[in-house]
Structure formats: structure tokens, C-alpha cells
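The values are calculated or read from the model by the stated rules, or taken from the named source; none is laboratory data. Worth saying up front: this structure is predicted, and the values here are computed from it rather than measured. Here the Cβ positions follow ideal geometry from the backbone for every residue, glycine too, while neighbour counts run over all protein chains shown.
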Amino acid sequence: MKIRVEPETGGKKNGYDIVIDAGIIGGVSADKAVSLLNSAAVNLKAGFLAVTSKTVHGLYGDKFSDFLKKCGIENFDFIVLPDGESTKSLKYLSDIYDRLIDKRMERSDYIIAFGGGVVGDIAGFAAATYLRGINFIQVPTTLLADVDSSVGGKTGIDHPKGKNLIGSFYQPRAVFIDVNLLKTLDKRELANGFAEVIKYGASLDANFFSYLESNYKKILAYDEKCLIHIIEKSCSIKADIVNQDEKESGLRSVLNFGHSLGHAVETLYNYENIKHGEAVAIGMVFAANLSKHLGLCGDEDAARIKNLIINSGLPADVPDFTPEQYVNAMKLDKKVADKQIKFVLIKGIGAYEFKMLDFGLIFNYLTESVKLKKTQNY
Ligand code: NAD
Ligand code: GLY
């Protein structure tokens, strides 16, 4: 299955395919592998730097090298980064630049991100900025990266004061999603990616949300057919949004459903002991309850979102920080303007609504409805 991403601003020339299959890395013939890369107009004689993480390299480094060789790619190296969100930092970005320079990589060469969202985001940002942009390919290995971070061109790193504060929009030349790689992902990581899948259904597609309610057990038991279906559906929904609004001037913000509070949760946890999807799950329950509080959606809509999240083993409760800590963390959100934040709310399952909300309203809601203890007035 192929899904085309063609952002309006990039024009047809910069469009690319997302190829979704089982067995791309480990199981394809050389012919199929070459045809995949040819269809993305990849120059097999160029130089390649594969950016990966320790775990992924340990599990799939040899298979991936074989895959590249089968494709006729000879000039490749790996840079292996530590696992974890703290890798999305200036330090490791600088390590990637050092390797690119040592390898004398040119603009016509390629960076391949082979890993989860952390690897994809930092490798993509290195590709966007090294020599003002070199070729970039995404080979995601987590469910989260399959359904979200490998598609749409958001790249970047974190700053100690806030998530993804340094970055750029930089589209890959191709995305190769091999569902077989998910077999080694532990259950917590699978659920983590599933949170972003729930996001698409909850804010954009009621039928898809119902499908997830009916099939979450099979999905979280690694059923290949179900996984392929949710990845295809998620990528199609995301591609459709990115095609209309690549640089997030409006519509694309809908993909941040659950992220305003979610990013604050990640920041308050110092990016440790909580995963991105888990923080988004908490943020989606918060956003759904806030929508109900503002009279936008009914009790049942908010309850369905919370139930699916809890049934999937994801956290739903707002962690115990103070309202002022949340508001301060949210003030660094990229969607803040004039002391208000652009919040993604819902009018019902599958129907989003944007609202500019005062921080005072969020503070009061966190104090009075979520019942967090304040240490000062807003
Ligand atoms: P991750 O990249 O940290 O990967 C999670 C863990 O799984 C890591 O330890 C990794 O080494 C391991 N792993 C990866 N593939 C594996 C496999 N096949 N088998 C076993 N282990 C494997 O986490 P993530 O959830 O993939 O990505 C989270 C990041 O993505 C966050 O930084 C988030 O901000 C970012 N993100 C970006 C976008 C975007 O549009 N660019 C969208 C959503 C999230
Ligand atoms: N993950 C949100 C976006 O890509 O816009």
C-alpha cells in the first residue's frame, strides 16, 4: 500500500510516498527493495548516514545493513544514539553534524532515520540544516513513528524549558513502514503509539474511532491486519491534513489535539518517566473534559475517549503538579498568542473545534474541576 503526501506549498515535485507493508526490511527480494528506492528516485550510488538508536541497532542493525546492500547501496554508515527523549538535544545533534562532516557528506547524499520518533525528529532536523538541507528518508520502527512522526515533515529537538522548541518543517523523500518491526516493541510502547491513533479518530473521524473501540484488543495484541489498517488510516488522515496546511498556519493544529496539556506534562516530568503518547492521552482526556465543561460536547463523548484510553492501558488523570506549573509550561507552547493559547477542543467524537483560551480560564479549570491544589492565585 502506498499513500502520497503532496503538500500544496511543496508542489508535486516535492511529493513523496509512504510505503506500508510487512517485511520490507527483513523479507523483500532485492528487486522489490530496489524498486521501492527507485520509485523514490533515490540515488543508490550516493553516500548514506543511517541515524538509529542503541536498541534498534542491536535488534535490526544487521538486517538493515543487508537491506541496504541488497538495494545496491554500498557507501553507508550508522550513527548510534542513546535511547530516550533526552537524545533530542543539541549535544546529539552536534554529534550527527560531526559525523556528516567527517564523512564529507554532500547535499546529494542521504540521511536515513531508522528508529522511533526521537531518531526521526533529530535526524530530520540534522538533514534540514546540514548544508541547508540534504536528502532525507524515514524508516520508522515504533507505532508512534509509523502513524505520526515520520509523516508530514516536522523535525526538531527539545530545549530544557520546552518540548520541540527548536525545529523546522522538512519533508522526507520517502517513508518506508515495515509493520514486522513492531513485533519487538513492548506493550507500553505499542500503547504509546496507539494514543496518537486514538487522536485521529477522536478529533477527525468518528467511524475510525468506533473501529478502534471495537478492535483495540486485537491491535494491542499485535494483530498484523489490524496494525496495517490503523497505520494506513492514520497516515491517510495525516497526509490529507498536511497536504492542505504543511506549515501549520491553521488546519494542521488539529493534529495537536491533546498536545497542549500533553507537552506541559512532558516538560514538568523533565521528559523522564512519561512517554509522549502517554502525555497526549492525558491531554486528550483533559481536552475532552474541558470541551464538555465549555458546553461543546456531551458527557458520553468525553466518557468514550476516556474509556478507550484507559482500556488501552494509557494514563488518563492529570498528574499532580500545581495549576501555575501547568500554565507556565503551556505559555511556552508554539500556539500561544496574546496571552491566549489555541486549544483543540471537540464538538463530539470526530469533530474538532479550535478556540483561543485565556490562561486564566485554564488555571481556574485546573483548580476547580481537576481539583489541583494552587499555591497562588492567577
Ligand atoms: P522513541 O523514539 O523514544 O522510541 C521508544 C523506544 O523504543 C526507544 O527506546 C527505541 O530505541 C525503542 N524502539 C524503537 N523501535 C523499536 C522496535 N522496533 N523494537 C523495540 N524497540 C524499539 O519514542 P517514540 O514514541 O517513537 O517517539 C516519541 C518522539 O516522537 C517524541 O520526541 C515526540 O515529540 C516525537 N513526535 C514527533 C512528531 C512529529 O510530527 N515530528 C509527532 C509525534 C511525536
Ligand atoms: N504531530 C503533529 C503534527 O505533525 O502536526
Scanning for something more than 16 Å from ligand 1 (Cβ to nearest atom) and either in contact with a strand residue (DSSP E or B) (Cβ under 6 Å, 6 or more places away or on another chain) or over 19 Å from PHE194 (Cβ atoms) (or both), does segment 305-318 turn up at least one residue? yes
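The rows are residues; the columns are (1) buried (at least 24 other Cβ atoms within 10 Å of the Cβ); (2) over 27 Å from THR87 (Cβ atoms); (3) aliphatic (A, V, I, L, M).
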position	(1), (2), (3)
SER214	no, yes, no
ASP240	no, yes, no
ASP245	no, yes, no
ALA264	yes, no, yes
HIS276	yes, no, no
PHE286	yes, yes, no
HIS293	no, yes, no
LEU296	no, yes, yes
ASP301	no, yes, no
Applying the selection to segment 110-148, what residues are of a type in the set (Asp, Glu) and closer than 14 Å to GLY167 by Cβ? ASP121
For LEU190, only one of the following conditions fails: (1) more than 13 Å from ligand 2 (Cβ to nearest atom); (2) free of Cβ contacts under 8 Å to residues at least 40 places away in the same chain. What is its number? (2)
With criteria (1) free of Cβ contacts under 8 Å to residues at least 60 places away in the same chain; (2) surrounded by fewer than 24 Cβ atoms within 10 Å (Cβ to Cβ); (3) within 14 Å of ligand 2 (Cβ to nearest atom); (4) not charged (D, E, K, R), ILE219 comes up short on (3)
Would you check if there is a residue in segment 44-62 being touching a residue at least 12 places away in the same chain (Cβ under 8 Å), surrounded by fewer than 15 Cβ atoms within 10 Å (Cβ to Cβ), within 23 Å of ASP158 (Cβ to Cβ) and out of contact with any strand residue (DSSP E or B) (no Cβ under 6 Å at 6 or more places or on another chain)? no
Kindly establish whether THR141 is near ligand 1 (Cβ under 6 Å from one of its atoms) and touching a Leu at 6+ places or on another chain (Cβ under 9 Å). yes
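Just to check your reading of the model, which residue among VAL336, VAL327 is out of contact with any helix residue (DSSP H, G or I) (no Cβ under 7 Å at 6 or more places or on another chain) and within 26 Å of PRO160 (Cβ to Cβ)? Don't jump to the end; show me each part of the working.
Working: VAL327 fails: out of contact with any helix residue (DSSP H, G or I) (no Cβ under 7 Å at 6 or more places or on another chain).
After ruling out the rest, the residue left standing is VAL336.
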Within the bounds of segment 17-38, is there any residue that is surrounded by fewer than 20 Cβ atoms within 10 Å (Cβ to Cβ), among the polar types (S, T, N, Q), within 30 Å of ASP240 (Cα to Cα) and touching a residue at least 60 places away in the same chain (Cβ under 8 Å)? no
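Out of all the residues in segment 51-58, is one or more within 30 Å of ALA279 (Cβ to Cβ) and away from ligand 1 (no atom under 16 Å from the Cβ)? Give the derivation first.
So the first thing to find is which residues in segment 51-58 are within 30 Å of ALA279 (Cβ to Cβ), and the list is 51-58.
Within this subset, residues satisfying the condition of being away from ligand 1 (no atom under 16 Å from the Cβ) are none.
Among the residues of segment 51-58, not one is within 30 Å of ALA279 (Cβ to Cβ) and away from ligand 1 (no atom under 16 Å from the Cβ), which makes the answer no.
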Subset of segment 225-245 [closer than 15 Å to SER150 by Cβ and touching a Phe, Trp or Tyr at 6+ places or on another chain (Cβ under 6 Å)]: SER234, ILE237
Leading residue by the ranking (modelled with the lowest pLDDT) among those in segment 312-356 that are in contact with a Lys or Arg (Cβ under 6 Å, 6 or more places away or on another chain) and among the charged types (D, E, K, R): LYS335
List the residue pairs whose Cβ atoms are under 7 Å apart, where the first residue sits in segment 257-279 and is near ligand 1 (Cβ under 9 Å from one of its atoms), the second is hydrophobic (A, V, I, L, M, F, W, C) and outside any helix (DSSP H, G or I), and the two are 6 or more positions apart or on different chains. GLU266/ILE274
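Within the group ALA195, ALA145, which residue is within 16 Å of ligand 2 (Cβ to nearest atom), more than 21 Å from ARG304 (Cα to Cα), buried (at least 24 other Cβ atoms within 10 Å of the Cβ) and not charged (D, E, K, R)? Break it down into steps so the answer makes sense when it comes.
On the way: ALA195 fails: more than 21 Å from ARG304 (Cα to Cα).
Result of the check over ALA195, ALA145: ALA145.
On the basis of being over 30 Å from LYS217 (Cβ atoms), within 12 Å of ligand 2 (Cβ to nearest atom), at pLDDT 95 or above and in a helix (DSSP H, G or I), does ASP121 make the cut? So that I can check it myself, show each step before the final result.
Numbers: over 30 Å from LYS217 (Cβ atoms): yes; within 12 Å of ligand 2 (Cβ to nearest atom): yes; at pLDDT 95 or above: yes; in a helix (DSSP H, G or I): yes.
Yes; evaluated as a whole, the condition is true for this residue.
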Among (1) more than 16 Å from ligand 2 (Cβ to nearest atom); (2) in contact with a strand residue (DSSP E or B) (Cβ under 8 Å, 6 or more places away or on another chain), THR155 falls short only on (1)
